[in-house]
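The values are calculated or read from the model by the stated rules, or taken from the named source; none is laboratory data. Everything numeric in this text was worked out from a predicted model, so none of it was measured. Heads up, the Cβs are rebuilt from the backbone with ideal geometry, glycines too, and the neighbour counts pull from every protein chain shown.
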Amino acid sequence: MKKNYYFILTLLFSVLSFAQVTLTQTTTENVTAGSITCNSAGVPNDNTFYRAFNLTALGYTQFTVNRVDFGVEGFTNTSAIPFVIDLIIYSHTGAAFPGGTLTQVGIQSYTPVAGDVGTIKQLTFTTPALVTTSTLVVALRIPNSLAAAPGTGSLATFFPASNGDGQTAPGYITASSCGIATPTNLAGIGFPNMHLVLSVNGSPNLSVNDNELANNIKVYPNPTSNFLNIELANSLELRNVEITTITGQKVLESTASTIDMSGFQNGVYFIKIVSDKGVLTQKFIKE
């Protein structure tokens, strides 16, 4: 039974290594009161909320987005006219976000319903969005419902979900009607506990060089309960090792080829191995 258990976990790792990856910056997906929008009497003007993910720091050369997960704190619509929000994927270049340049590479629209309130929606992209730059930006755009349907009396309201449970990077907003013309940190406008529940799910794509690294770097045993060993081919030199949780929180940094994991909680982790020939990121299981 013990051998079968290890075989199943090893098989799980093999699947995880090529399965979907979720990029998230919130420690929980709880939906709590406290989100804000730029609005007039509750009716939102144009608002766009953002999260930016540094693919290079995660060890990815590119990322294909198949799905965006977002929470809904509030939604009403007193008109028969549907109210549509957009989930947009951007590639980002230049100065660190919120500076630099955004280029739209994917968009998927969604029509909320009353039953969405208090839930996390998983919106699959009809056409997956490929980001090949160092930073991936996901945006949730809430339109001005009155402007979208002038003269109809449509009074749709939408509030994205957030919580104050913790985040590893800030969320941002633009809202020109409130004088916020460029992406601005929510904490900088007085809402430090509005941690947006907004994440992307997809597959990191490895370059040819990454595949070569994968063939020349071994991480074992996996799963591990104590020590994790890193073995590099003679042609490679180990420069640095980082271990992060599934939510992106860094829990260890080292230059050693043997890592003591005995004091860490059980679960799935990422290990980023920096060599003189490139960076390789893999998943492993601590049990």
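For the stretch 255-265, the criterion of being in contact with a strand residue (DSSP E or B) (Cβ under 8 Å, 6 or more places away or on another chain), under 21 Å from L23 (Cβ atoms) and surrounded by 16 or more Cβ atoms within 10 Å (Cβ to Cβ) is met by no residue.
Here is a yes/no grid of residues against (1) assigned by TED's automatic domain parsing to the domain that holds Q62; (2) charged (D, E, K, R); (3) assigned to a strand (DSSP E or B); (4) in contact (Cβ under 8 Å) with a residue 60 or more places away in the chain:
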position: I230; (1), (2), (3), (4): no, no, yes, no
position: G248; (1), (2), (3), (4): no, no, no, yes
position: L252; (1), (2), (3), (4): no, no, yes, no
position: I259; (1), (2), (3), (4): no, no, yes, no
position: S262; (1), (2), (3), (4): no, no, no, no
position: Q265; (1), (2), (3), (4): no, no, no, no
position: K272; (1), (2), (3), (4): no, yes, yes, yes
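Report the residue count in the stretch 108-122 for those that are in contact with a Phe, Trp or Tyr (Cβ under 8 Å, 6 or more places away or on another chain) and under 13 Å from A139 (Cα atoms). Even if it seems obvious, please write down each step before you answer.
If we filter the stretch 108-122 for residues that are in contact with a Phe, Trp or Tyr (Cβ under 8 Å, 6 or more places away or on another chain), which is where we start, we get 108, 111-114, 116-117, 120-121.
Narrowing the set further to residues that are under 13 Å from A139 (Cα atoms) leaves 108.
Qualifying residue count, the stretch 108-122: 1.
Scan the stretch 28-65 residue by residue and report those that are among the aromatic types (F, W, Y) and in a loop (DSSP other than H, G, I, E, B).
If we filter the stretch 28-65 for residues that are among the aromatic types (F, W, Y), which is where we start, we get 49-50, 53, 60, 63.
The answer is Y60, and nothing else.
Condition check: of a type in the set (S, T, Y), assigned by TED's automatic domain parsing to the domain that holds T27 and in a strand (DSSP E or B). Does S91 satisfy that? Judged against the criteria, S91 is a match. All conditions in (1) acidic (D, E); (2) at pLDDT 95 or above; (3) touching a helix residue (DSSP H, G or I) at 6+ places or on another chain (Cβ under 8 Å) hold for D116, with the sole exception of (3).
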